[in-house]
1. Among the lysines, which have Cα under 28 Å from the Cα of Lys148 when same-chain residues fewer than 8 positions away are ignored?
2. Run the numbers for Tyr101 and Glu85: contour at 0.36 nm per residue of separation, minus the present Cα-Cα distance, in nm.
3. Under a 5 Å amide H to amide H cut-off, with H placed in plane at 1.01 Å, what residues pair with Asp137 once short-range neighbours are removed?
4. Return the Rg/Rh value of segment 26-99, two decimal places, where both radii are evaluated on C-alpha atoms and Rh is the Kirkwood radius.
5. Starting from the Cα of Lys78, draw a straight line to each of the aspartates and glutamates and keep only those under 12 Å, dropping any in the same chain fewer than 8 residues away.
6. Let me check the size of the chain from its C-alpha atoms; what are the radius of gyration and Dmax in Å?
7. If I compute solvent accessible area with a 1.4 Å probe over the protein chains, what percent of it on the chain is carbon and sulfur?
8. Using a basic spin-label model with each label point 7 Å from the Cα along Cα→Cβ, how many nm lie between Asp119 and Val147?
Amino acid sequence: MADIPLDRTDLRMLDVLQREGRITNAELAARVNLSPSPCLRRLQRLEAAGVIAGYAAQVDPKAVGLGLQAFVRVQLQKHDSATVETFVQQVNAWGEVVDCYALTGDMDYLLHVVVADLDHFSRFLLDKLLNAAGVADVNSSFVLRTVKHAGALPLAQLAGG
């Protein structure tokens, strides 16, 4: 993926696409004050450079029966490359983990876990996470309600806005 310069128009296009991924090229062009052909060329350039990583629908977890979300902090026993690689492979195999971040501080990883209910979470915790090689400590917090879920990067600040 090559770093490409992004001008104000590119950033406006990306901002619109983050919120309205199904917008037509003609609508996008009108929103960013371009004609359709140059807009399409810019869009293709952003896709080819990997700035646009893909397009996806945002699914409401509760609407599909995934009513429990948790953030789980994980500390590893050791931090050698073999332990870390094993843990990363295990996390990537668990469908319940939708996001995983390596952290600084007293915990090594933060997992965002989405499951149907507390029973499913308990099975995930006991059967998978606590049995994972190298896991020393786990601390879970359950989501009571979502206060903000932007789902979009704050691109306006890059354009000076």
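The values are calculated or read from the model by the stated rules, or taken from the named source; none is laboratory data. What you see is a predicted model; the values in this text were computed from it and never measured. Please note: Cβ atoms are built from the backbone with ideal geometry, for glycine as well, and neighbour counts cover all protein chains shown. Surface areas here come from the heavy atoms of the whole protein model, side chains and all, with no ligands, DNA or RNA. Shrake-Rupley method; radii C 1.70, N 1.55, O 1.52, S 1.80 Å.
1. Lys148 reaches Lys62.
2. 4.4 nm
3. Gln75
4. Across segment 26-99, the Cα-based Rg/Rh ratio is 1.20.
5. Hits, sequence-local ones excluded: Asp108, Asp137.
6. Taking only Cα atoms of the chain, I get Rg and Dmax of 20.1, 57 Å.
7. Looking at the chain in its full context, I get 53 percent from C and S.
8. 3.3
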